[in-house]
Every structure is written in C-alpha cells, then in structure tokens.
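**Student:** Dropping a structure here in structure tokens format, bear with me for questions.
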Amino acid sequence: MSESKEQQEIERLHEQACSEGKLFYIDPKTGYQVFTELNHLKRGHCCNSGCRHCPYKREKTHNK
C-alpha cells in the first residue's frame, strides 16, 4: 500500500472511530491502538508525546 493510501486509510479509520464516539482505533499496519482526537480532548491537555491525532499540536507547550 502506498504512503498516501495508508494515510487515507488512517484518516478514514480515525473519522469512523470519532463518529462512533470511540477513544481509539487499531492501526492496520502495526496493530497498535491509536488514540482518537476525542481521547485527547477528554484528557484536556497535550501529553507532549507527539500523538498522531493531537488537537493541541499548535500550542506552544507541544515540544514535538
């Protein structure tokens, strides 16, 4: 699968998980759980781990 197709699949899985109110989805390539934006918003702040769907990336406190 090309990188752009992988990215499209990740975006699709993330959108689906969020629309279903899920806090994570399974990455199809690695099998790891990936937090959704909903999970990060529930936490309420950035953990500075460079998360894929972090809604706080644009904040100055994010060091990644």
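The values are calculated or read from the model by the stated rules, or taken from the named source; none is laboratory data. Being a predicted model, the structure only gives us computed values, none of them experimental. As a convention, Cβ positions derive from the backbone with ideal geometry for all residues, glycine included, and neighbour counts pool all protein chains shown.
**Student:** Before we move on, is HIS62 surrounded by 15 or more Cβ atoms within 10 Å (Cβ to Cβ) and modelled with pLDDT under 95?
**Tutor:** yes
**Student:** Are there any pairs, at least 6 apart or on different chains, whose C-beta atoms fall under 8 Å, with the first in the stretch 1-19 and in contact (Cβ under 8 Å) with a residue 40 or more places away in the chain and the second assigned to a loop (DSSP other than H, G, I, E, B) and among the acidic types (Asp, Glu), and if so, which?
**Tutor:** Within 8 Å, the pairs are ILE10/ASP27.
The rows are residues; the columns are (1) more than 11 Å from the chain's Cα centre (by Cα); (2) surrounded by fewer than 18 Cβ atoms within 10 Å (Cβ to Cβ); (3) not aromatic (Phe, Trp, Tyr).
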residue	(1), (2), (3)
ALA17	no, no, yes
GLU20	yes, yes, yes
LEU23	no, yes, yes
ILE26	no, yes, yes
TYR32	yes, yes, no
PHE35	no, no, no
GLY44	yes, yes, yes
CYS47	yes, yes, yes
ARG52	no, yes, yes
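**Student:** Would you check if LEU38 is touching a Cys at 6+ places or on another chain (Cβ under 8 Å) and assigned to a helix (DSSP H, G or I)?
**Tutor:** yes
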